[in-house]
Number of protein chains: 2
Amino acid sequence: MKFSSQMKLEQRLAPILELLRRQHLVESLVDRSDDQAGLGAGVVHRRHQHELARALARLHPADIAHLAEMLPPEERSQVWASVQEKMGGAVLAEVNDMVAEGLVAETPPDRLLSMGRTLDPEDLALIEDLLPDSIRSRLLSDLQEGDRSWLETTVTYPEDTVGHLMTGDALVIDSGATIEDVLRFVRTLGDLPDHTDKIFVVDERRHLVGALPLKALIIHSPKRRVSDVMKTGLVAFTPDEDAEDAGLAFQRYDLISAPVVDSRDRLLGRLTVDLVMDFLQEQAEEDAYLREGLSGDTDLFGPVYAGARSRWMWLALNLMTAFVASRVIGVFEGSIQQLVALATLMPIVASIGGNTGNQTVALVVRGLALDQINSGNLNYLALKELGIALINGLLWGSLMGVIASLIYSDSQLGLVMATSTMLNLLVAAGAGIAVPIIMERLGRDPALGSSVVLTFVTDSMGFLIFLGLATMLLIH
Amino acid sequence: MKFSSQMKLEQRLAPILELLRRQHLVESLVDRSDDQAGLGAGVVHRRHQHELARALARLHPADIAHLAEMLPPEERSQVWASVQEKMGGAVLAEVNDMVAEGLVAETPPDRLLSMGRTLDPEDLALIEDLLPDSIRSRLLSDLQEGDRSWLETTVTYPEDTVGHLMTGDALVIDSGATIEDVLRFVRTLGDLPDHTDKIFVVDERRHLVGALPLKALIIHSPKRRVSDVMKTGLVAFTPDEDAEDAGLAFQRYDLISAPVVDSRDRLLGRLTVDLVMDFLQEQAEEDAYLREGLSGDTDLFGPVYAGARSRWMWLALNLMTAFVASRVIGVFEGSIQQLVALATLMPIVASIGGNTGNQTVALVVRGLALDQINSGNLNYLALKELGIALINGLLWGSLMGVIASLIYSDSQLGLVMATSTMLNLLVAAGAGIAVPIIMERLGRDPALGSSVVLTFVTDSMGFLIFLGLATMLLIH
């Protein structure tokens, strides 16, 4: 038999990439040749197209999604046109939102509808907000009453809550049943939803009272009552909880599935490890992007103009902050005219502050995401970072002071250099903690642009401290 | 019944934090009072200690680990001393490596040995490299022969490989068995290892031939042969594969457990979603840290001096690069003396390059981690980023040029500003792609310090382009 391992994904994608490359070659040849060659090229093109469709049909939808994410727009469209309708829906549910939007936009309505019809309510919930209204409503009306009302409920919860992430495919049994009843129930189903490691046990009013691990069905005698062998004390979630917190709980308690209940412990749905894991990964990525102000640009191979526009807001903010920092220098133009070495040395003070502050930002953003920082330990953290800044400022600031005084044979300049390096490291540590904490207190994502704001503070303050001290001590 | 939800973790930790706060208060009072008060404080202290131990005993080891990670050193030691021996091992296996090292260092050898003895081989493998040699070897000799040889094998694989992450607790049955045989086997076990969603099926020479999902035991008739109902075409891994790639495959194919086989398909062990998920999260964190040059400082509340020292290497590198960038300015001191506005404007050019380049770095580092970038699409990605830089450089560069020429009433200076902003954005895009790609080609982690290196390039080139152009066009 054959095993398919991750290492072999590249090998499985290789023939497809090769096909796309050959196709690209044929097309570039046709551009500069006569009609007859065009005809021949058409034949080759159709053969390639056919081969492509066959190769894609052998892949898992998640592999096609991975392929789509790593292709430039033209090749991506070509692959997407060759994907079978019955797999297309699953591919859309797997690719990231930016890429999915692009694919949806270039799919004919009929094809999109057929693709949507292959999806179960859970997967449909993942992409329904990307679909045109007409298709969305037709797909919803195709659903069974129970599925539709479940889907309409779950999508009303905000994107980053448990309610949005939960699925409706939980298996439920009555606490009065016996193991034998459950076995019969499962056998009539014929198959179990993925990631079913337990069956939820409810009382007559659908209040959750426990869960029966799948293995209990095997280990215990069919005669035993569910309520005698079920596990109680489950980790449960409510739909308005933060999905990231739920993800951390999955990680902490090594869960595969967990119940979602309302405030009166009535079972609403369940969370499964696959969706939770995807969510956590997306969040970690998003944090890394947000710190650099990269909110809407997660399609690595998307079109150029959309990429350019998605960065305008941050460029504008960045230019504004850089401009303000530069006005600080403007104030001291007189001093610089007298002692031009100041212009040479000032970026060092600013740069060391920016880099150090960004380290603190990275630590604090992560600590907030992991719920490790609270009002009780914030003081310790601030003192620790300031302590580190003081030690390193004294040590490395002195070194820079010595170097500066040697280069310009001016020990006073060296003293200014050393002092302002140390002070700007303290500013960097303070701002590195304050910026993400303030963002969080304001109810914003603490990562959001914190790197840009931090650099603004360390630049402006670096220039102000260095040029200010120099003006006081050196300029007469 | 009571459900414990993630939201309530804070509430469950709150009484412990309160106890620690009160304890801290008592101690600070004792410092400045007489012997009698000291005696009274001792009584209070013992009562607190007792309460603390009782509260901790009610927590999950993963919760205690979370608590330890969010406490400053003194409180952390106090909690650690109150943790029961039978839970200590599990706590050590859960906390991050930096914190675990600290805890191990302050634990008496006898206690450490008792804690280690409560661990199964899988958890022991997670912490064995942190233990003193004498304790490590005594714990190993306590293990059964099979467990010991498994553990000794798995720890020889490098940290970031499948072999290091795999566990030895896979359930295995012979392909000749019937469902009834398997049911009997499972019932004699009495319990199944966590995350057992399937039982692996091997032939007589222990070659993996398929897997039997747990639900197959329930659904199929006991008479049927395992080889008739098992699943083939499994996603399998080899021990030398990259653990991050395996993690991505778990995510892609929504796996709960997967077999690890040697080159001849013999079953060596298995991977489970909990360990894989932890590994992926650690990697995402590490990437975010590494970009800022924060390799060895993952203990947010660790001691100050260790934190300071862990950042020296990057501070030194940062000072060196900032110094080199400043020497570029030094070359143009004559021009600055003639036109001091240059000193004011030059940090804008450098800063905009740094911020934009770091956006590209964040995208490329992530794309490399997700295996989305290869030699086939690298060109497109580079052209895309350069295209974005060109569009934004023309647009925002012109704006900066206009502003600069208005402030200094010098249209030539505005032209220099506009041109050099655009050129430095192109440099930033190029370097933002090149720096992580070169790191990767050199076999290093592409995230490692890429932010520091990128800022160096955009600073130096920004100063060089702006001051160079200005000297050619404006200085006579």
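Read-outs throughout are calculated quantities, based only on the coordinates presented, and are distinct from any laboratory measurement. Remember, it's a predicted structure, so these values are computed and weren't measured experimentally. In this analysis, Cβ positions are derived from the backbone assuming ideal geometry, glycine residues included, and neighbour counts consider all displayed protein chains.
Summary table below
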quantity: Shape of chain B, Cα gyration tensor, a/c cut at 1.5; calculated: oblate
quantity: Sparse-neighbour loop sites [GluC sites (Glu not before Pro); the stretch B:120-166; at most 14 other C-beta within 10 Å; DSSP]; calculated: B:E159
quantity: Label distances, nm, B:R184 versus same residue in remaining copies, Cβ-directed 7 Å point; calculated: 2.7
quantity: Relative exposure of A:D410, B:D129, judged by other C-beta atoms within 10 Å (fewest first); calculated: B:D129, A:D410
quantity: Magnitude of the charge dipole, the stretch B:175-231, Cβ model with Lys/Arg +1 and Asp/Glu -1, debye to 20; calculated: 160 debye
quantity: J(HN,Hα) series, the stretch A:204-221, from Karplus relation 6.51 cos²θ - 1.76 cosθ + 1.60, nearest Hz, glycine and proline x; calculated: 5, 9, 6, 7, 5, 10, x, 8, 10, x, 3, 5, 5, 5, 8, 7, 8, 5
quantity: Volume per residue of the C-alpha convex hull in the stretch B:7-165, rounded to whole Å³; calculated: 126 Å³
quantity: Exceeding the 20 Å Cα-Cα cut-off - candidates A:K215/B:K198; A:K86/B:K231; B:K86/B:K198; calculated: A:K86/B:K231; B:K86/B:K198
quantity: Within straight-line cross-link reach of B:K384, aspartates and glutamates at Cα separation under 18 Å, skipping those fewer than 8 residues along the same chain; calculated: A:E69, A:E74, A:E75, A:D297, A:D299
quantity: Sequence-separation-based contact order of the stretch B:352-425, relative, with Cα cut under 8 Å and 6+ spacing, percent; calculated: 34 percent
quantity: Nearest-first distances (nm) between copies at A:T153, label 7 Å from Cα via Cβ; calculated: 4.9
quantity: Euclidean distance of C-alpha centroids, the stretch B:104-168 and the stretch A:157-220, integer Å; calculated: 37 Å
quantity: Partner chain coverage, peptide B:280-288 - average Cβ within 10 angstrom; calculated: 5
quantity: Angstrom value of the Kirkwood radius, inverse mean 1/r, which spans all Cα pairs in the protein assembly as shown; calculated: 31.0 Å
quantity: Peptide ranges B:210-218, B:421-429, B:347-355 listed from the most packed, as the mean C-beta count within 10 angstrom indicates; calculated: B:347-355, B:421-429, B:210-218
quantity: Within chain A, helix-based [θ] at 222 nm, where runs of 4 or more DSSP H residues each add -39,500 (n - 2.57), nearest 500; calculated: -22000 deg cm²/dmol
quantity: Relative contact order (%) - criterion: Cα under 8 Å, at least six apart; region: the stretch A:311-473; calculated: 38 percent
quantity: Stretch gain in nm, segment B:D242-B:S28, where the contour uses 0.36 nm per residue and the Cα spacing is subtracted; calculated: 72.0 nm
quantity: Position A:R205, label points 7 Å along Cα→Cβ, spacing to each other copy in nm (shortest first, one decimal); calculated: 6.4
